[in-house]
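I have placed the structure first, in the form of structure tokens, so that the comments after it can refer back to it.
The values are calculated or read from the model by the stated rules, or taken from the named source; none is laboratory data. Note that the structure is predicted; figures quoted are calculated from it, not measured. Using ideal geometry, Cβ is built from the backbone for each residue, glycine included, and neighbour counts are taken over all protein chains shown. Side chains are part of the model used for accessible areas, which takes the heavy atoms of the whole protein and leaves out ligands, DNA and RNA. Shrake-Rupley method; radii C 1.70, N 1.55, O 1.52, S 1.80 Å.
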Amino acid sequence: MRVVLVPFPLQGHITPMLQLGSMLHSKGFSITIAHTDHNPPNPSNHPNFTFVNLPDQLGRGADIYFQNPLSVIFGINSNCGEPLRNVLSEMIENQERDGILACVIYDPLVYFVDSVVKELQIPSLILRITGSVYLKALRVNIQLHEENPYVIPESMLLEKVSNLEPLRFKDLPSPLHVKVPEVVIQLQRNLIDKGSSLGFVWNSVDDIEGSILSELKQQYNVPFFSIGPFHKLVPPSLSTSLMEEDKSCIEWLDKQSPKSVLYVSFGSLATLESRDLVEVSRGLAQSEQHFLWVIRPGLIKGSKWIEDLPEGFIEEIGQKGLIVKWVPQREVLSHFAIGAFLSQCGWNSVMESLGEGLPMICKPCHADQKVIARYLTHVWKIGILLDDPLDRESIEKSIRKVMIDEEGKDMRENAMNLKQKIDASVNEGGSSYKSLNDLADSLRQMEMFRLSYTFSFFFFLPITS
């Protein structure tokens, strides 16, 4: 039984797809990763997987996505359909040798996959790599753009959006106070479309997002498999990073007191202005808390690494802080010394942080992060939002609140309560544990009925929430 996984080639998309592959391999499935030229994962880290290349005709420069994200997205969706069709057709021809191709699971950003699997009559599922609240927000966002061809006044940005409380207009995936190009709205339509897919796989937890998942399941009328957090259901040794990890930070953490270190990372894609870096650095120093700070090359626009830090900052912090280019984040967040996380609020980072019961300081940058940050701060109540423009006093106050002040006690307790729910969900008998088994059973049914496949096939599948 073979499952083909098609990720979008960014770190935050590749990680959950490889983790899903690991889970399905543990259930007895053969896994093939069909990947573009851009940002290919290292096959040596996944010896049990088969990797096939999908030429994207975009070049191999590491920064091409940063230069023009839309051109990369549209280029991949324009250029990779035929290569994937050839790969899948060959698999079908060699099923007696390689096993029946049961299903293709793909990232919604590679929406070209739908037309290929529909043509070849291969069952498919979509992996939703962010929270369900973001999909709900996207659907409402598109509806508002279609209903309001004229932009709203900027004075309405702080008003709450009907049916999306506590989200405000300023938290939506694309703004309503300025004209948004139609090409962006069309991309969002592609992202919410289920196409011919038979269901959604979620890196989420029913006990955390259950009400929104149930609402969306009714709207899409397909099975949902909520099997998050993915990182809790794969071996700790699984490496999904596209960048070299500096593991010396673990030795430094080993020397710190429990819950005494703030972990700071803005992820693999966000960029900051030089002034933001200065404000963060000053806020960290003024908080007088120990910190581990990831400053990846390219985080600061126009800089190679840390040359924009204030003069004398490294000497000033001494042994209180450690700055590195990249870390094994899962290992860092689970370390006894980490007490909180200052994050851009990408969904993988949020799931990893919730899984360890850590309060968060939220500095969302783009895409789903504003939506997620609002939920962290106003629904789950485990975080503090840093508004733009960043200033050192607000950063200092937020750090002290989540780390040590009595004022932040409820946030820290709420974070630990969420961790307990997550632990229960992934243990035997828990919702994510059972949903993973449901997914494996459904994939086996797909193999069984592969040759008699129809697009009403989802009636064979168990409906899970």
request  = Would you be able to say whether some residue in the stretch 311-326 is touching a Leu at 6+ places or on another chain (Cβ under 9 Å) and in a loop (DSSP other than H, G, I, E, B)?
outcome  = no
query = With respect to V52, is the statement that it is more than 21 Å from the chain's Cα centre (by Cα), at pLDDT 95 or above, at negative phi and among the β-branched types (V, I, T) true?
reply = yes
query = Any chance the stretch 80-99 includes a residue that's at negative phi, hydrophobic (A, V, I, L, M, F, W, C) and in contact with a His (Cβ under 7 Å, 6 or more places away or on another chain)?
reply = no
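For the stretch 245-266, does any single residue satisfy the condition of being under 26 Å from K381 (Cα atoms), among the acidic types (D, E) and either open to solvent by 10 Å² or more (accessible area, probe 1.4 Å) or outside any strand (DSSP E or B) (or both)? Spell out the reasoning first.
Kept after step one, since they are under 26 Å from K381 (Cα atoms), are these residues of the stretch 245-266: 257-266.
Filter once more, so that each one left must be among the acidic types (D, E): none.
There is no residue in the stretch 245-266 that is under 26 Å from K381 (Cα atoms), among the acidic types (D, E) and either open to solvent by 10 Å² or more (accessible area, probe 1.4 Å) or outside any strand (DSSP E or B) (or both).
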note = How many residues of the stretch 283-310 are part of a helix (DSSP H, G or I) and open to solvent by 20 Å² or more (accessible area, probe 1.4 Å)? The answer is 2
message = Testing V184 on (1) open to solvent by 20 Å² or more (accessible area, probe 1.4 Å); (2) among the β-branched types (V, I, T); (3) outside any helix (DSSP H, G or I), one condition comes back false. Which one is that?
response = (3)
request  = Filter the stretch 365-395 down to residues that are within 13 Å of the chain's Cα centre (by Cα) and assigned to a loop (DSSP other than H, G, I, E, B) and give me whichever is nearest to L135 (Cα to Cα).
outcome  = D368
task = Could you tell me which numbered condition I227 fails, if it satisfies all but one of (1) among the β-branched types (V, I, T); (2) in contact with a Leu (Cβ under 6 Å, 6 or more places away or on another chain); (3) over 28 Å from N417 (Cα atoms)?
result = (3)
Conditions (1) in a loop (DSSP other than H, G, I, E, B); (2) polar (S, T, N, Q); (3) free of Cβ contacts under 8 Å to residues at least 60 places away in the same chain: number failed by N141 = (1)
ask   = Are any of the residues in the stretch 28-41 open to solvent by 30 Å² or more (accessible area, probe 1.4 Å), part of a helix (DSSP H, G or I), of a type outside the set (S, T, Y) and at pLDDT below 95?
value = no
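Determine whether L213 is in contact (Cβ under 8 Å) with a residue 12 or more places away in the chain, in contact with a strand residue (DSSP E or B) (Cβ under 7 Å, 6 or more places away or on another chain) and in a helix (DSSP H, G or I).
Working: in contact (Cβ under 8 Å) with a residue 12 or more places away in the chain: yes; in contact with a strand residue (DSSP E or B) (Cβ under 7 Å, 6 or more places away or on another chain): yes; in a helix (DSSP H, G or I): yes.
Against the criterion (in contact (Cβ under 8 Å) with a residue 12 or more places away in the chain, in contact with a strand residue (DSSP E or B) (Cβ under 7 Å, 6 or more places away or on another chain) and in a helix (DSSP H, G or I)), L213 qualifies.
Residues being of a type in the set (A, V, I, L, M) and either outside any helix (DSSP H, G or I) or buried (at least 17 other Cβ atoms within 10 Å of the Cβ) (or both): count how many of those fall in the stretch 412-431. Walk me through it before giving the result.
Taking the stretch 412-431 as the starting set, the residues that turn out to be of a type in the set (A, V, I, L, M) are 415-416, 418, 422, 424, 426.
If we keep only those that are either outside any helix (DSSP H, G or I) or buried (at least 17 other Cβ atoms within 10 Å of the Cβ) (or both) too, we end up with 415, 418, 422, 426.
Selection size over the stretch 412-431: 4.
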inquiry  = Going through L84, L109, L20 one at a time, which residue ends up being over 26 Å from G228 (Cα atoms), surrounded by 18 or more Cβ atoms within 10 Å (Cβ to Cβ) and at pLDDT 95 or above?
reply    = L84
